[in-house]
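Inspection log for the structure reproduced underneath, given as structure tokens.
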Amino acid sequence: MTLRVFSASIFTETNTFSPLPTSLDSFRAGILFQGPAEAAPPLKVLGSPWHAWRDACEQAQLEYQQGLIAFAEPAGLMTRSAHHWLREQLLSDLSNAGPIDIVLLAIHGSMMSTECDDIEGDLLQRVRSQVGDQAAIGVLIDPHAHLTEKMVRHASVLAAFHEWPHDDVEERALHVLDVATRVANKSASPTPAVFDCHMVAAYPTRREPMRSFIDSIKAQEHDGAILSASLIHGFPWGNHPETGAKALVWTDGDNELAQQTAREIGARLFELREATTLHMDFGIEEALDHVEQASTGPIVLCDAGDNVPGGGAGDATFLLRRTLERGVGGVCFGPIWDPMATRMCFDAGEGETVALRIGGKSGPGSGDPVDVNATVLNLSRKQDDPQSARFGDRAWVRIETGIDLVLHQERATLTDPGVLTRLGIQLGQYKAIVGKMLMHGGAAFAPLASEVRTVATPGALNMNYAALELTRKQRPWWPKDLDFSLPG
Ligand SMILES: [Zn+2]
């Protein structure tokens, strides 16, 4: 009998410290797709799990149907209406697909709405009640998730990407399909165990000791007894009872082995907590000192507190203000999300000098706007540069003090230096380039930078984990609490 497979996705990261509502229009500006699988767009820089699933199903001669694909740029709580609309669309696509043996879902794991703080758990419960106990439900999540009991209970298998930056999304999608197929064929019976590490931080996986640690988890997945193992990093910028790092292990029916392995993985991360945690290179003043003292450039500075793919608005002014106040020149800021200032640049026209009030508009977390006189150097309409279209119209302006800015109309994540260079900007001429980015953006700019450095700035992503106001999370958790030992 040919197995019938259905896949769908709702994907955004909810930063509860961000003032920006995530609406249906936020998804329209990202991805809101219902149509044939071959026409489905990729998940931005993360690749395309559904294309991996579709191709693999075609090869294995499984029948594949594509349901809703929805992606919004990470921001604040999802609106109630967006949540309900997306959920009902996905469930009705699933219902219209007829009898299904395998449901594959790519869902973020941190999604919260104004009235639901476990969008994924709620969705999985509804999917399970719709398809029944006999169907396999394979779930792919981002490790920056709040792993809840409900999510684990209603999935047949649930696995996260291993890597951050997330460059193994399609590989992990295929892993989920593989285990789900074995469940559907009754050749595996996944038994989960979760171990809570009581830690809230961020853990890049390309550097040691995290690299070896992740490699050891991957090796365990290949030893036969362990069907799947994931380290859930947690998403520190979601005030959620379940936020934080957890080890998730699935064995083939062996509960004791699952518990033991999850505990080993979790305890190992706890042991390595200082060395695996991402700490910022600089505060704002140190970063500017470093730029002033540098003999080569450009230094790429990641404005981590306003990191757009982590939910930052993209209009914070803290670094810009101090750069101007200190008179540091030769710095390019961009892009900064400011539709009004962008519009004023277009109204003024190229070559004109205009008084602009820049940034700081989305909320107090973005700081105060900065008032400058700036000369418009170049303008690009959305339609004139399809590769940068997500940013809307863009304006390149120069402040008298030798600071350049790129302003843009629509909020978007920077992972392509071309958003700046296609305006005619020569990045090599600056001492420093400041971007509202962290891991993915930093990796994209690394080839043209003398160095990439991270800066702790105020905003939606406070990188001082101990100071995060996680009022819903039970203590103890590291690094808020330093002196405790893990249970078990
Ligand atoms: Zn992530």
To the nearest 0.05, the calculated FRET efficiency linking residue 325 and residue 211 through their beta-carbon distance, R0 being 56 Å, is 0.90
Could you check the spin-label model distance between residue 292 and residue 23? Points 7 Å from the Cα along Cα→Cβ, value in nm. 4.4 nm
Gyration tensor (alpha-carbon) shape descriptor, region 345-391, a/c threshold 1.5: oblate
Enter the per residue convex hull volume of region 284-462, computed from alpha-carbon coordinates, in Å³ rounded to the nearest integer. 95 Å³
So what does residue 451 come to for accessible area, using a 1.4 Å probe and Å² rounded to 10? 50 Å²
How far, in nm, would the chain grow between residue 189 and residue 429 when pulled straight, counting 0.36 nm per residue and subtracting the alpha carbon separation? 80.5 nm
Long pairs among 246/473; 246/480; 246/436; 361/480; 382/436; 361/382, criterion Cα-Cα beyond 24 Å: 246/436; 361/480
For the chain, what does -39500 (n - 2.57) per DSSP helix run (n ≥ 4), summed and divided by total residues, give at 222 nm, in deg cm²/dmol to the nearest 500? -8500 deg cm²/dmol
Theoretical FRET efficiency, 1/(1+(r/R0)^6), r = Cβ-Cβ of residue 480 and residue 80, R0 35 Å, to 0.05: 0.70
For the chain: Kirkwood Rh in Å [reciprocal of mean 1/r, alpha carbons]: 23.3 Å
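Evaluate E = 1/(1 + (r/R0)^6) for residue 352 and residue 382, where r is the Cβ-Cβ distance and R0 equals 22 Å; express this FRET efficiency to the nearest 0.05.
Computed FRET efficiency for residue 352 and residue 382 comes out at 0.60.
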Can you give the accessible area per residue of region 197-319, in Å², using a 1.4 Å probe? 33 Å²
Once a ≥ b ≥ c are taken as the square roots of the eigenvalues of the Cα gyration tensor of region 4-276, is the result rounded (a/c under 1.5), prolate (a/b larger than b/c) or oblate (a/b not larger than b/c)? oblate
Counting Lys and Arg as +1 and Asp and Glu as -1, what is the net charge of the other residues whose Cβ lies under 14 Å from the Cβ of residue 288? -2
The Kirkwood hydrodynamic radius of region 1-149, taken as the inverse of the mean 1/r over all distinct Cα pairs, in Å, comes to 15.4 Å
Find the all-direction average of the projected area of the Cα convex hull for region 152-259, expressing the result in square nanometres with one decimal place. 7.1 nm²
From the square roots a ≥ b ≥ c of the eigenvalues of the alpha-carbon gyration tensor of region 198-288, which class results: rounded (a/c under 1.5), prolate (a/b over b/c), or oblate? prolate
Rounded to two decimals, what is Rg over Rh for region 92-132 when you use alpha-carbon atoms and the Kirkwood radius? 1.01
When the chain is fully extended, how far beyond the present Cα-Cα distance does residue 88 get from residue 126, taking 0.36 nm per residue of separation? 12.7 nm
Would any residue of region 56-85 have its amide N under 14 Å from a label point 7 Å out along Cα→Cβ of residue 174? List them or say none. 56-60
If you count only protein heavy atoms and use a 1.4 Å probe, how large is the accessible surface of residue 51, to the nearest 10 Å²? 40 Å²
Heavy-atom accessible area of residue 465, protein chains in place, probe 1.4 angstrom, given in Å² to nearest 10, is 10 Å²
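The values are calculated or read from the model by the stated rules, or taken from the named source; none is laboratory data. Small disclaimer: the values here were computed from a predicted structure and weren't measured. With ideal geometry, Cβ positions are generated from the backbone for all residues, glycine too; neighbour counts draw on all protein chains shown. All accessible areas refer to the heavy atoms of the entire protein, side chains included, with ligands and DNA or RNA removed. Shrake-Rupley method; radii C 1.70, N 1.55, O 1.52, S 1.80 Å.
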